[in-house]
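Engineer: Mind looking over this structure? Questions follow.
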Amino acid sequence: MKKWKIWHKIFAVLGGLLISICVAFGIYVSDYYHALDYAMPVMSDGGDSLFAEYDNYTIYGDATKGKGFIFYPGGKVEAKAYEPLMYELSNKGICCVLVKMPCNLAVFDMNAANEVMQEISTIDTWYIGGHSLGGAMAASYAAKHSKELSGLVLLGAYATEKLPDTFPVLCMYGSEDGVLNRENYEAAKEYANTWKEVVIEGGNHAYFGNYGEQKGDGTAKIAPDEQWNTTIETIADWMK
C-alpha cells in the first residue's frame with residue numbers, strides 16, 4: 001500500500017509537470033509576429049491564376065516553368081508576412097513557394113521542401129532559403145539534399161552544418177540587425193565555400209518580412225519596402 005502511495009505521488013508530480021510544460025509551450029507558440037496588411041495585386045497571366053494557396057504552402061507565380069524558390073519563414077513569424085518578397089520575386093520569373101510551418105517554427109518541419117518538390121513536379125530547378133530560424137532549417141535541409149537544389153538563400157541567418165564545396169550560397173543581412181548572432185554567423189562561413197555576402201546598409205532583421213518591429217532588433221535606417229526591393233533584386237540577379 002505504501003509503495004502504491006509513493007508511485008501515486010510520483011505519477012501526480014510527473015502529470016502536473018507535463019501539464020505545466022504543455023501550457024507553457026502553448027503560451028509560447030501562441031505569442032508570434034503577425035503579418036501586417038499588404039495589398040497584393042491580382043496575379044494573372046492571360047486569365048490564368050498565378051496565386052494558389054494550399055494547406056501547407058502558398059504558390060506565387062507560374063508553377064509550370066522557370067525556377068522554383070522554396071522559402072521557410074522566420075521563427076514565430078506568420079508565413080504571410082513574407083508575401084511582399086514572394087510576390088515581387090514571382091514577377092521576376094521565379095515561382096515562389098512560401099511554406100506554412102507548424103506553430104510557426106520551421107524546426108518542426110525541416111523537410112517541408114520534400115512535399116513541395118514532389119507535388120510541383122513541373123519545375124526542375126529548385127532553390128531553397130529562409131529567414132532567421134527558417135534560414136537555418138533551410139540550410140540544414142540543403143546540406144542533406146544538395147543534389148536536388150541549385151542554391152541556398154539565407155536572410156539574417158547562417159548555416160549550422162557543412163555544405164558541399166561547390167554549392168552556391170547567398171547570404172544577406174541588415175547592417176542594423178540586432179537579432180543575428182554575428183559571432184556564430186562569422187564562424188558559419190566555414191560551412192560554405194561558394195559564399196556571396198550582401199549587407200543591406202540601414203536594414204535590420206525584421207524588415208525582411210512584413211510584421212513590424214521585432215524584440216531585440218536594431219532600429220532600421222531605411223523603410224521596409226526599400227529592404228524588400230534590395231533583397232528581391234539581389235536574389236533575382238544571383239539566381240541568373
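The values are calculated or read from the model by the stated rules, or taken from the named source; none is laboratory data. Keep in mind that what you see is a predicted model, and the values were worked out from it rather than measured. When we count neighbours, we look across all protein chains shown, and the Cβ atoms used for this are built from the backbone with ideal geometry, even at glycine.
Engineer: Name every residue in the range 33-49 that is at pLDDT 60 or above and part of a loop (DSSP other than H, G, I, E, B), in order of residue number.
Structural biologist: Across the range 33-49, the qualifying residues are 34, 35, 36, 37, 38, 39, 40, 41.
Engineer: Got a number for residues in the range 193-217 being more than 16 Å from residue 130 (Cβ to Cβ) and in contact (Cβ under 8 Å) with a residue 40 or more places away in the chain?
Structural biologist: Total meeting the criteria: 3.
Engineer: How many residues are within 14 Å of residue 99 (Cβ to Cβ) and outside any loop (DSSP other than H, G, I, E, B) if we restrict to the range 56-70?
Structural biologist: 7
Listed here are the residues, each with its yes/no results for (1) within 23 Å of residue 76 (Cα to Cα); (2) at pLDDT 95 or above; (3) in a loop (DSSP other than H, G, I, E, B).
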| site | (1), (2), (3) |
| --- | --- |
| 158 | yes, yes, yes |
| 163 | no, yes, yes |
| 167 | no, yes, yes |
| 177 | yes, yes, yes |
| 186 | no, yes, no |
| 207 | yes, yes, no |
| 210 | yes, yes, yes |
| 215 | yes, yes, yes |
| 234 | no, yes, no |
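Engineer: Does any residue of the range 124-131 turn out to be outside any strand (DSSP E or B) and at pLDDT 95 or above?
Structural biologist: no
Engineer: Would you tally the residues in the range 50-66 being among the aliphatic types (A, V, I, L, M) and without any contact (Cβ under 8 Å) to a residue 12 or more places away in the chain?
Structural biologist: Matching residues across the range 50-66 total 1.
Engineer: Identify, by number, the condition in (1) surrounded by 12 or more Cβ atoms within 10 Å (Cβ to Cβ); (2) on the phi < 0 side of the Ramachandran plot; (3) at pLDDT 95 or above that residue 182 doesn't meet.
Structural biologist: (1)
Engineer: Can I ask one more? Any idea which of 85, 98 is surrounded by 24 or more Cβ atoms within 10 Å (Cβ to Cβ) and out of contact with any His (no Cβ under 7 Å at 6 or more places or on another chain)?
Structural biologist: It is 85.
Engineer: Name the residue that is modelled with the lowest pLDDT, counting only residues in the range 50-94 that are more than 21 Å from residue 118 (Cα to Cα) and of a type in the set (Ser, Thr, Tyr).
Structural biologist: This residue is 87.
Engineer: Here's something else I'd like to know. Which of the residues that make up the range 93-123 are outside any helix (DSSP H, G or I) and out of contact with any helix residue (DSSP H, G or I) (no Cβ under 6 Å at 6 or more places or on another chain)?
Structural biologist: Passing the criteria: 93, 94, 95, 101, 105, 111, 120, 121, 122, 123.
Engineer: Mind listing just one residue for me: the one in the range 132-156 that is farther than 14 Å from residue 105 by Cβ and in a helix (DSSP H, G or I) and, of those, nearest to the chain's Cα centre (by Cα)?
Structural biologist: Ranking the candidates gives 139 first.
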